[in-house]
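Read the structure below first, then the notes.
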Amino acid sequence: MENNNELKNKTTAKKKIGLFLIICIVIGIFYFLYWNFYGKSHISTDDSYINGNQTTVTSQVSGPIKEIYFNDTSKVEKGQLLATIDDTNYKINLEMAEANLGKAVKDYYSLQLNIHKAQNEVNINKNNLTKITEDYHRDFAAYKKGLLSKEKYQASLNNFENSKITLALSEKNLETAIINGYSTTIYNHPIVKSAIEKYKDALLNMMRTKIYSPISGTITKKAIELGQEVSAGQNLVTVIDLNNIWVDANYKETQMKDIKIGNTVKFKSDFNDKEYSGVVVGISPGSGSSLSLLPAQNATGNWIKIVQRVPVRIAIDPQSLKDNGVVPIGTSATITADTSSKVNVETIKPSLTTVFYKIDENSFMDKVNSIIKMNSGK
């Protein structure tokens with residue numbers, strides 16, 4: 001009876017061992033298939049974060065804040081008015097610039113008049129020299145014949161020499177007047193051109209009292225209040241475009257062997273638990289520690305090898321963002337890169353432009369022409 005039980009137990013044990021081995025073999029086969037067809041070409045990391053451009057809006061002129069049209073988390077469109085700075089002083093400066101342009105126009109025409117005056121003086125002195133030369137030659141002949149005293153001859157000679165000097169001085173004055181007043185047009189003359197540019201600068205400064213959003217996005221880091229005095233270059237607010245974000249995935253250096261630019265990526269956002277797609281568009285030229293503000297110093301006797309992480313930039317598919325919604329920058333994600341795939345990233349180039357303050361040249365020149373006409377005396 002005991003032998004039968006022992007035999008039965010041994011048979012049961014063999015079955016269990018056999019079943020265990022079969023399970024191990026099946027698991028091994030599944031792992032082999034998984035590794036061959038998926039695992040070796042799909043590299044994952046959960047050390048990754050959503051990143052994006054934080055566009056800081058600054059003031060280009062100084063003055064007190066007069067109006068504010070936004071709050072933190074407000075959605076704004078590109079070119080939308082955010083705030084205004086009191087423009088009283090800038091209107092005064094614009095009027096002064098307009099007056100200075102008018103004065104420059106008058107100065108220009110005064111220089112043109114100086115050229116005419118200098119030319120007339122040259123003509124008069126030439127005529128005088130011609131007459132005095134004739135008188136001098138006549139007096140010289142009379143003096144040689146003894147018909148004219150030495151004193152009168154000397155006076156005639158002095159008059160002749162002085163006339164030549166006077167003509168030479170007037171010709172120099174004419175040259176100077178031409179140099180100061182010459183211009184192909186009134187617009188090209190230095191004093192008028194300088195005044196036009198100062199007028200344009202004053203107009204631009206008045207336009208800059210209105211602060212616009214350079215991009216579409218969401219407001220954050222509001223740093224102004226009504227009545228607050230701001231200075232040129234001061235940070236006023238930050239705008240983040242959540243439709244233009246990317247992922248910074250920090251892979252271990254031991255995982256970087258097969259990761260290449262152009263590899264497609266799938267990642268799951270911790271923020272909304274949704275899956276997005278993207279593509280590797282850049283690999284950092286240095287590890288995170290080497291590019292930090294204070295790089296690690298390993299030249300010590302107690303050195304311990306630490307696996308470094310290399311930042312990889314991943315562009316997010318715009319359609320993926322549209323389908324699943326935007327995610328805040330700084331949130332985490334789990335990344336899986338497919339190293340067997342390859343996408344041409346040359347077609348994935350950002351095109352970022354904005355509209356700054358621009359003067360309508362036609363309207364501006366119409367105003368300049370009006371000022372010139374008003375002060376030209378014509």
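Could you compute the net charge surrounding V310? Neighbours are other residues with a C-beta less than 10 Å from the C-beta of V310; K and R count +1, D and E count -1. Intermediate values should be presented prior to the final figure.
Details: positive: K252, R309; negative: E253.
Residues near V310 contribute +1 overall.
Rolled with a 1.4 Å probe across the full set of protein chains, the surface gives T176 an accessible area near 70 Å². Ordered from highest to lowest accessible area with the whole protein assembly present and a 1.4 Å probe, K358, K103 read as K358, K103. Toward the positive end of the charge dipole of the range 93-206, with +1 on the Cβ of Lys and Arg and -1 on the Cβ of Asp and Glu, the farthest Cα among A104, I124, N180 is that of I124. The residues H189, H42, sorted by heavy-atom accessible surface at 1.4 Å with ligands and nucleic acids left out, run H42, H189 from largest to smallest.
Cα extents for the range 96-136 along the principal axes, largest to smallest and rounded to whole angstrom: 57, 9, 5.
Across L81, L203, L21, mean-square fluctuation computed from a Gaussian network of the chain (C-alpha pairs under 10 Å connected) peaks at L21. What residue among A177, A195, A337 has the largest mean-square fluctuation in a Gaussian network model of the chain, using Cα springs under 10 Å? Sorting by GNM fluctuation, first place goes to A177.
When you restrict to C-alpha pairs under 8 Å that are six or more residues apart and normalise by the size of the range 149-262, the relative contact order lands at 16 percent.
Net charge around D87, counting only other residues with Cβ within less than 10 Å of its Cβ (Lys, Arg = +1; Asp, Glu = -1)? Intermediate results must be reported in sequence, preceding the final value.
On the way: positive: K66, K91, R208, K210; negative: D86.
My count for the surroundings of D87 gives +3.
Taking amide hydrogens as placed 1.01 Å from N in the peptide plane, the amide H of G282 sits under 5 Å from those of R313, each at least 5 positions away in sequence or on another chain.
Excluding I65 itself, calculate the net charge of residues whose Cβ lies under 13 Å from the Cβ of I65, where each Lys or Arg counts +1 and each Asp or Glu counts -1.
-2
In the list (i) 0.98; (ii) 1.42; (iii) 1.08, the label attached to Rg/Rh (Cα atoms, Kirkwood Rh) as derived from the coordinates here is (ii).
Sequence gap at least 6, Cα distance under 8 Å: using those rules, report the relative contact order of the chain to the nearest whole percent. Display every interim value, and only then the final one.
Working: 567 pairs, mean separation 107.6, N = 378.
Computed over the chain, the figure is 28 percent.
Over all directions, the projected convex hull of the C-alpha atoms in the range 181-226 averages 5.5 nm² in area. Only lysines eight or more places from K126 in sequence, or on another chain, were considered; those with a Cα closer than 28 Å are K117, K144, K150, K152, K164, K172. Toward the positive end of the charge dipole of the chain, with +1 on the Cβ of Lys and Arg and -1 on the Cβ of Asp and Glu, the farthest Cα among S284, F160, H189 is that of F160. For Y357, the solvent-accessible surface computed with a 1.4 Å probe is close to 60 Å², ligands and nucleic acids excluded.
The values are calculated or read from the model by the stated rules, or taken from the named source; none is laboratory data. Owing to the predicted nature of the structure, the values given are computational and were not obtained by experimental measurement. Using ideal geometry, Cβ is built from the backbone for each residue, glycine included, and neighbour counts are taken over all protein chains shown. These accessible areas exclude ligands, DNA and RNA; they are computed on the full protein's heavy atoms, side chains included. Shrake-Rupley method; radii C 1.70, N 1.55, O 1.52, S 1.80 Å.
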